[in-house]
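Engineer: Handing you a structure now.
The values are calculated or read from the model by the stated rules, or taken from the named source; none is laboratory data. Predicted model only: the values in this text are computed from it and were never measured. For neighbour counting, all protein chains shown are included, and Cβ atoms are generated from backbone atoms with ideal geometry for every residue, glycine included. To get the accessible areas, we keep the full protein, side chains included, count just its heavy atoms, and leave off ligands, DNA and RNA. Shrake-Rupley method; radii C 1.70, N 1.55, O 1.52, S 1.80 Å.
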Amino acid sequence: MIIKERKIPIRILMLEALERRLPLNHSKTGKIKEDLAKRKAGFRGEESLDYYLKKLPQKEYLILNDLRLINEENPFQIDTLIISSRFALILEVKNISGTLFFDTQFNQLIRTLNGEEHGFQDPLSQVQYQKSNLIKWLAKQQIVELPVKYSVIISNPASIIKTSPHTKNVHQCVFHVSELLKRLQSFQDQFVKEILPQKELKKAARLLLKNHISEEINILESYNIDRSELLTGIQCPTCSRFSMKRIKRAWQCPICKTRSKNSHVQALMDYFLLGHRTITNKQLCWFLHLQSSDIAKKILKSMNLPFEGSNKGRIYCLPENFFAQPELLHQLSKVYYQ
């Protein structure tokens, strides 16, 4: 049973917003596009894992995706955690193409692609760190000690996995995603004793979920970009220009004539994703290029945002669970009609 669903990482949404809002000739655009492509590839790799996770018996396994916990002020993040009554399994997913050589002597991953070598952070060191922290966290929560195993999943089926012949640990811990079900069965055969009854197992899963902490990121600070460098306005969904204007109860692009009822929702999401925590009527007029404060007031009211103050002093706030579920901004909003 999937206890915590996999969602698009907030950092990807932030990078998409940043890419949209930077001029094409900005000095950081190339780096942001490159980082966004890597993040999306990683997420696609994690999604490929979900196909196999859904095949698992729901009563035997509880699954938590993108789990981030704090252990003695040290945050650690797990791509996927599978827990059963007999053992727990941490999965670190890598979507890397080419020939992958796991160098345990220097703790690095070397990828060879098109005749060129590139070094990556060692996934085995990553997942071992996660295991150590998870064991400490479970002990602190006084959860009966489960055996904790770990695996590095290579999601690209065309990737070739290599290591030194004498390195048994790599052969046991690194495999293609298609091998997951077979490996899980081997763990079931290895751990035959039930340690956590079903009731306690579900209690442990709820505790893990309750203690999940979403990562808060200042994406502008990460790239040393000032807010004054960002493009404002509403982006046309057809021609991508920030040119849409409020015309006859809708947004209309004067260039390609595209009309939309709710393009302001994406613009407001960009505003929050790029570091703002609050917005006022005046700030909305500036960001959406609105001339009418009355229209801005109606838009803000339609968004069902929490707020403080009244009348002209009213400040609308970022939804409390925005970083965990940014899509709620779309769900909470009503289509605005002037």
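Engineer: Cα-Cα pairs above 12 Å in segment 238-282: how many percent?
Structural biologist: On the way: 641 of 990 pairs.
Counting pairs separated by more than 12 Å, the tail of P(r) holds 65 percent.
Engineer: Right, next: I'd like the trypsin sites (Lys or Arg not before Pro) in segment 40-142 restricted to DSSP loop residues with at most 14 other Cβ atoms within 10 Å, sorted by number.
Structural biologist: On the way: sites: Lys40, Arg44, Lys54, Lys55, Lys59, Arg68, Arg86, Lys94, Arg111, Lys131, Lys136, Lys140; in loops: Lys54, Lys55, Lys59, Arg86.
Loop-located and lightly packed - Lys54, Lys55, Lys59.
Engineer: So how much slack lies between Gln291 and Leu181, counting 0.36 nm per residue of separation and subtracting their Cα-Cα distance, in nm?
Structural biologist: Numbers: separation 110, 0.36 × 110 = 39.60 nm, distance 5.89 nm.
Going from the current span to full extension adds 33.7 nm.
Engineer: For segment 142-230, with every protein chain kept in place, what is the accessible area per residue (1.4 Å probe, Å²)? Can you show the working numbers first?
Structural biologist: Numbers: 5510 Å² over 89 residues.
Result: 62 Å² of accessible area for each residue.
Engineer: Taking Lys31 as the anchor, which lysines have their alpha carbon closer than 23 Å to its alpha carbon, excluding any fewer than eight residues away along the same chain?
Structural biologist: Lys40, Lys94
Engineer: To continue, here is another question. Could you give me the radius of gyration and the Dmax of segment 130-212, taking only the C-alpha atoms into account and expressing both in angstrom?
Structural biologist: 15.7, 44
Engineer: When the accessible area of the chain is computed with all protein chains present and a 1.4 Å probe, what percentage of it is carbon and sulfur? Don't jump to the answer; show the numbers that get you there.
Structural biologist: Values: 9040 of 18460 Å².
Within the chain, the accessible surface is 49 percent carbon and sulfur.
Engineer: List every residue whose amide H lies under 5 Å from the amide H of His176, counting only residues 5 or more places away in sequence or on a different chain, with H placed 1.01 Å from N in the peptide plane.
Structural biologist: Amide H neighbours of His176: Ile154.
Engineer: Between segment 47-75 and segment 167-226, what is the separation of their alpha carbon centroids in Å?
Structural biologist: Going from one Cα centre to the other spans 5 Å.
Engineer: If you don't mind, another one. Apply the Karplus curve 6.51 cos²θ - 1.76 cosθ + 1.60, θ = phi - 60°, to the phi angles in segment 65-78 and return the couplings in whole Hz, x for Gly and Pro.
Structural biologist: These are the phi-based 3J(HN,Hα) values: 9, 6, 8, 10, 10, 10, 10, 6, 6, 9, x, 9, 10, 10 Hz.
Engineer: Another question, if that's okay. Using the basic label-point model (7 angstrom from Cα toward the beta carbon), what is the Lys261 to Lys59 distance in nanometres?
Structural biologist: Going by the 7 Å Cα→Cβ label model, 4.6 nm.
Engineer: I'd like the Karplus ³J(HN,Hα) series for segment 147-152: coefficients 6.51, -1.76, 1.60, θ = phi - 60°, whole numbers in Hz, and an x wherever there's a Gly or Pro.
Structural biologist: Once θ is set to phi - 60°, the couplings for segment 147-152 become x, 10, 10, 9, 8, 9 Hz.
Engineer: Restricting attention to segment 1-51, which GluC sites (Glu not before Pro) occupy a DSSP loop and are surrounded by at most 12 other Cβ atoms within 10 Å? Kindly include the intermediate steps, with their values, before the conclusion.
Structural biologist: Working: sites: Glu5, Glu16, Glu19, Glu34, Glu46, Glu47; in loops: Glu5.
Filter output for segment 1-51: Glu5.
Engineer: If you don't mind, there's one more thing I want to ask. Set the bar at 25 Å for Cα to Cα. Now go through Lys38/Lys257; Lys261/Lys301; Lys59/Lys203; Lys33/Lys261 and name every pair that lies beyond it.
Structural biologist: Values: Lys38/Lys257 35 Å; Lys261/Lys301 15 Å; Lys59/Lys203 14 Å; Lys33/Lys261 29 Å.
In this structure, Lys38/Lys257; Lys33/Lys261 lie more than 25 Å apart at Cα.
Engineer: Can you compute 3J(HN,Hα) from phi for each residue in segment 135-141, using the Karplus curve 6.51 cos²θ - 1.76 cosθ + 1.60 with θ = phi - 60°, rounded to whole Hz and x for Gly and Pro?
Structural biologist: For segment 135-141, the Karplus-derived couplings read 4, 5, 5, 4, 5, 5, 7 Hz, x marking Gly and Pro.
Engineer: List the residues whose amide H sits under 5 Å from the amide H of Asn71, counting only those 5 or more places along or on another chain, with H placed 1.01 Å from N in the peptide plane.
Structural biologist: Phe76
Engineer: Kirkwood hydrodynamic radius, segment 27-96, all distinct C-alpha pairs: what's the number in Å?
Structural biologist: Working: mean 1/r = 0.0710 Å⁻¹.
Kirkwood radius, segment 27-96: 14.1 Å.
Engineer: Tell me the angle of helix 180-190 to the major Cα principal axis of the chain, expressed in degrees between 0 and 90 and rounded to the nearest ten.
Structural biologist: Result, in degrees: 40.
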